[in-house]
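Working notes for the structure below.
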Amino acid sequence: MKFQQQFESRSHSYPVPVEGVPSFDFDPYASEVLRDPYQYYEMLREAGPIVWLERYGVYAVARYDSVRNVLTDPETYCSSAGVGLTNFHTEEPWRQPSIILEVDPPEHTKTRAVFTRILSPRALKKLTSTFEAQAELMVDRMIEKGVCDGVKDLADAFPIKVFGDAVGVPAEGREHLLPYGDMVFNAFGPANDRFKECLANLGPATEWITKACQRENLTPNGFGAELYAAADAGDISHEDAGMLVRTTLSAGLDTTIFTMGNALVNLGRNPDQWALLRDDPTRARATIEEVLRFDSTFHSFYRTTTRETELEGVPLKKEQKVLVFIASANRDPRHWVEPDHFDVTRKATGNMGFGAGIHGCAGQMIARMEGEIALRTLASKVESIELLGEPVLHFNNTVRGYTSMPMRVTAKRH
Ligand code: OVM
């Protein structure tokens, strides 16, 4: 595997950190860190506004303000060298780069505009009633079962059904969506064992995704078809349309699924917060926002310097990878009151769970909508949720969530 060899052979050329910059042997991708990263984030945040991670030869920022500063300066901190550890200028990416995520203006501006139009509030509004109907079916089924799995019966099932339908991919084979996303998000980290194992077990997922992105395999009215219609209109090329369908399938499933699972876990662990939501299901929107802040699905990614610059007083060379810990920024006590307190009544807006700046999640409105509808429906119909045993955490280099969550639900009495 050419990519992995390149990764392994580049080890000794790391630049040395600047004197006075806190330097750590810390591995953000170690399983013990991924299990509960927040104590480690605190260590990084308190060490200074910028730190050096020896193992990967990267600078890292973990405070709210420094994360925002990097993300909102795309001219200095670019995405076209990849938003993972791999530098696309010098190393081969595992797949063809995304034409919206892994590009800079002006290329980015064009593809982003197409997404913005297709995912407009008006377009999303049309989907509301079908999303609601699906959520009701799934929550009713959970209540019927009594003992169910919050991930399999809702967090997983709901986005796979409604977002899969919204894009317009075949119902057959959607089980490939999650393994493919797992690969995409592992690939933003190092080529560690987790990455290698994921790649080795990927099986037919990539092929299924590639086929699903072709025009003839998409339903006539979904986002996929609209992307091809944008190509017909001359806004993008037909090849670009297929690539943007791939983006929806890469970025749109694991993320929303894990966020919904994180919502259920935190509500299960905090019965007082569940009670607030259950007694007022209109809190669903604020609850999702607080979940995005308190237990961000997306933990970290990178930018790459386009020139020599200075960050938090530290001189950076050109082509320097900078790791951005967004889940840490969302727990920074410099920005948040009692950040380690899960509080569905707080104003969690301004959290960077969807990133920030020109690359801030293009799908964030539909993601919020899915989360809100699922939680609102659950809160309207369910009296109590009780976690039965420990939820099963999924380990991935970039995103954090659960694959199974046995729970008991009881119906509200009407
Ligand atoms: C893409 C892509 C993949 C993963 C995540 C993402 C967070 C985008 O293929 O464009 O955004």
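The values are calculated or read from the model by the stated rules, or taken from the named source; none is laboratory data. In this text the structure is predicted, and so the values were computed from the model without any measurement. All Cβ positions, glycine included, derive from the backbone under ideal geometry; neighbour counts span all protein chains shown. Heads up: the accessible areas ignore ligands, DNA and RNA and are worked out on the full protein's heavy atoms, side chains in. Shrake-Rupley method; radii C 1.70, N 1.55, O 1.52, S 1.80 Å.
Residue by residue, here is whether (1) of a type in the set (V, I, T); (2) open to solvent by 10 Å² or more (accessible area, probe 1.4 Å); (3) in a loop (DSSP other than H, G, I, E, B) holds:
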| residue | (1), (2), (3) |
| --- | --- |
| V21 | yes, yes, yes |
| Q39 | no, yes, no |
| E42 | no, yes, no |
| A60 | no, no, no |
| D65 | no, yes, no |
| R68 | no, yes, no |
| P74 | no, yes, yes |
| T86 | yes, no, yes |
| P93 | no, yes, yes |
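When the residues of segment 239-275 are filtered to those that are closer than 23 Å to E102 by Cα and acidic (D, E), which remaining residue is nearest to the ligand (Cβ to nearest atom)?
Looking at residues that are closer than 23 Å to E102 by Cα and acidic (D, E), I get D254.
Need pairs with beta-carbon distance below 6 Å; first residue assigned to a loop (DSSP other than H, G, I, E, B) and within segment 360-383, second open to solvent by less than 50 Å² (accessible area, probe 1.4 Å); sequence gap 6+ or separate chains.
Listed by first residue and then by second, the contacts come to G360/F354; C361/F354; C361/G355; A362/F115; G363/G252.
Suppose we filter segment 341-359 for residues that are open to solvent by 30 Å² or more (accessible area, probe 1.4 Å) and either within 10 Å of the ligand (Cβ to nearest atom) or not in a loop (DSSP other than H, G, I, E, B) (or both); how many remain?
4
What helices (runs of 4 or more DSSP H) lie completely within segment 266-340 and have 2 or more residues being aliphatic (A, V, I, L, M), under 24 Å from the mean Cα position of the chain (by Cα) and crowded, with 20+ Cβ neighbours inside 10 Å?
The helices (runs of 4 or more DSSP H) meeting that bar are 284-294, 326-329.
Tell me yes or no: at least one residue of segment 252-261 is part of a loop (DSSP other than H, G, I, E, B) and in contact (Cβ under 8 Å) with a residue 40 or more places away in the chain.
Checking segment 252-261: at least one residue is part of a loop (DSSP other than H, G, I, E, B) and in contact (Cβ under 8 Å) with a residue 40 or more places away in the chain.
Here are the criteria: (1) under 20 Å from E372 (Cβ atoms); (2) open to solvent by 30 Å² or more (accessible area, probe 1.4 Å). Tell me which single one F131 does not satisfy.
(2)
Can you tell me how many residues in segment 74-108 are closer than 25 Å to M369 by Cβ and more than 10 Å from the ligand (Cβ to nearest atom)?
Within segment 74-108, residues that are closer than 25 Å to M369 by Cβ and more than 10 Å from the ligand (Cβ to nearest atom) number 1.
Given the criterion at pLDDT 95 or above, within 16 Å of the ligand (Cβ to nearest atom) and of a type in the set (A, V, I, L, M), identify the matching residue among M142, M138, M183.
M183
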